[in-house]
Amino acid sequence: MKALRLRPGKERSLLRRHPWVFESAIAKGSGDAGETVRIESHEGQFLAWASTSPASKIRARAWSFQETQRIDAAFFQERVQRAVAARGLFDLQSDGVRLVHGEADGLPGLIVDRYGDTLVAQFLSAGVERWKAVLADALLAATGLAKLYERSDASGREREGLKPVTGWLRGEGDTAQVIREHDWRLSLDIATGHKTGFYLDQRDSRQRFAEMAKHRRFRRVLNCFCYTGGFTVAALAGLKASGAIEGAELTSIDSSLPALERARANLALNGFEGANAQFLDADVNATLRRFIEEGCSFDAIVLDPPKFAPTVAHAERAARAYKDINRLALKLLEPGGVLLTFSCSGGIGADLFHKIVASAGIDAGVDGYISERLGAAPDHPMTIEFPEGEYLKGLVVVRKPL
Ligand code: SAH
């Protein structure tokens, strides 16, 4: 068995059960892509079993911190089974569920979502790439399903020196799916949609938005970066529950035409085709500026932009971009209105995001209450050992009434 020997002082994070070993922490040793190696302290003590990734700055990712653990097919079967079983611990109001969330489930680099009877997996590290066949079979065994589609086309693959791969890995079927989420249904396509097809992580924030729409009876709703219209459908579901659809105007913006077409279809799928809803194929920043010039205002705004800062290195530029759109959105918010603002950048922590929104408020001349903090749905868990797992942060800002 090959070993990677760490530099003195570099064993601390592994002792805290953080699963990553950076290139800069290694004194000597190497392994092939995805090979299991022994990670040792500078004195040769066992720290972890890990898979190596020679192309990546994250040179190794730990499978286990137990010296007696064998890293074999049975190990992966058990990890997959545990991840799938853990979803039963959460109250997930959907048949679209994240079953495996990488590091949080002890399977660094593996993402698996279930949409109805179909699984979609992303193999994003050399380690899970090497064990792909075993993992695919384990996923079918743990779920009792027969169809597994691979969407290994995320940018993280490149950093691991892996080429993009997509297509059916087990079984075959339709790539079009319809899931039920809370009180609504949403269609998606696992072959062409973003990520594995859909943003399951925003499920419970969409539900909070529906509840707010019901309680507050929103009249003018703006959904920025709407993708396939999830927050718009949620708002309409809430408005319907309080008999307030009539008189409500909903505007949804995205720069992807296929996403907007699906958003329209998703309204129809829920019986909302008659709602006063418009869909703009446009850049959010430019559109918000235009709305300000035109003197528009809204009593509910959602800002759910794409990842501006994939890593901490991009944080500064990203911070300016977040501040800019939040400033514009706050200017468009009526007194008493509510803004749901998000950042899914791992490189922007919760504190920094709060500060960005605070300084956007100051620049906009708008004061507000932060009435809630939002995060990813519980099937996208963070763990105690892996704080980097927190990526999606949201704030609910209620503009102070005049
Ligand atoms: N809120 C959505 C997910 C948003 S993902 C949901 O609940 O499903 C981010 C979206 O922003 C993507 O659909 C992408 O097409 C869109 N996007 C990225 N840059 C944009 C821009 N400059 N202007 C408008 N939309 C943009």
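What the table below lists for this structure:
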item	result
Given (1) in contact with a Gly (Cβ under 9 Å, 6 or more places away or on another chain); (2) open to solvent by less than 10 Å² (accessible area, probe 1.4 Å); (3) over 13 Å from PHE342 (Cα atoms), index of the condition GLN202 fails	(3)
Residue in the range 363-371 that is open to solvent by less than 30 Å² (accessible area, probe 1.4 Å), within 30 Å of PRO19 (Cβ to Cβ) and in a loop (DSSP other than H, G, I, E, B) present	no
Qualifying residue in the range 77-94 (condition: among the aromatic types (Phe, Trp, Tyr), open to solvent by less than 20 Å² (accessible area, probe 1.4 Å) and within 30 Å of GLU181 (Cβ to Cβ))	no
Index of the failed condition, ALA62 passing every other in (1) buried (at least 18 other Cβ atoms within 10 Å of the Cβ); (2) touching a Gly at 6+ places or on another chain (Cβ under 8 Å)	(2)
Tally of residues being away from the ligand (no atom under 14 Å from the Cβ) and among the hydrophobic types (A, V, I, L, M, F, W, C) across the range 277-299	4
Single residue of the range 207-229 satisfying the filter (farther than 17 Å from ARG264 by Cα and within 14 Å of the ligand (Cβ to nearest atom)) that is most open to solvent (accessible area, probe 1.4 Å)	ARG208
Any hit, the range 381-401, residues being crowded, with 19+ Cβ neighbours inside 10 Å and over 20 Å from the mean Cα position of the chain (by Cα)	yes
Residues of the range 67-84 satisfying the condition of being touching a residue at least 12 places away in the same chain (Cβ under 8 Å) and either farther than 30 Å from PHE198 by Cα or among the small types (Gly, Ala, Ser) (or both)	GLU67, GLN69, ILE71, ALA73, ALA83
Test: residue in the range 168-178 that is under 28 Å from ALA60 (Cβ atoms) and touching an Asp or Glu at 6+ places or on another chain (Cβ under 7 Å)	yes
Sole residue being hydroxyl-bearing (Ser, Thr, Tyr), more than 16 Å from the ligand (Cβ to nearest atom) and modelled with pLDDT of 95 or more, chosen from THR166, THR232, THR196, THR192	THR166
Hits in the range 14-48 (condition: out of contact with any Leu (no Cβ under 9 Å at 6 or more places or on another chain) and among the basic types (Lys, Arg))	ARG16, ARG17
Qualifying positions in the range 34-46 - open to solvent by 20 Å² or more (accessible area, probe 1.4 Å), more than 18 Å from VAL128 (Cα to Cα) and touching a helix residue (DSSP H, G or I) at 6+ places or on another chain (Cβ under 9 Å)	none
Residue match in the range 237-248 (condition: in contact (Cβ under 8 Å) with a residue 12 or more places away in the chain and within 13 Å of the ligand (Cβ to nearest atom))	no
Scope the range 337-376; condition in contact with a strand residue (DSSP E or B) (Cβ under 7 Å, 6 or more places away or on another chain) and among the hydroxyl-bearing types (Ser, Thr, Tyr); matching residues	THR341, SER343, TYR369, SER371
Options PRO108, PRO54, PRO8: the member that is assigned to a loop (DSSP other than H, G, I, E, B) and crowded, with 22+ Cβ neighbours inside 10 Å	PRO108
Restricting the range 196-218 to residues that are of a type in the set (Lys, Arg) and assigned to a helix (DSSP H, G or I), the residue that is farthest from THR166 (Cα to Cα)	ARG216
Close pairs from the range 277-292: first in contact (Cβ under 8 Å) with a residue 60 or more places away in the chain, partner within 9 Å of the ligand (Cβ to nearest atom) and open to solvent by 50 Å² or more (accessible area, probe 1.4 Å), Cβ under 9 Å, at least 6 apart	VAL284/SER255
Test: VAL21 is assigned to a helix (DSSP H, G or I) and touching a residue at least 40 places away in the same chain (Cβ under 8 Å)	no
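The values are calculated or read from the model by the stated rules, or taken from the named source; none is laboratory data. If you're wondering where the values come from, they're calculated on a predicted model, not measured in any experiment. Every residue, glycine among them, receives a Cβ derived from its backbone with ideal geometry; neighbour counts consider all protein chains shown. In case anyone asks, the SASA skips ligands and DNA or RNA and just uses the protein heavy atoms, side chains included. Shrake-Rupley method; radii C 1.70, N 1.55, O 1.52, S 1.80 Å.
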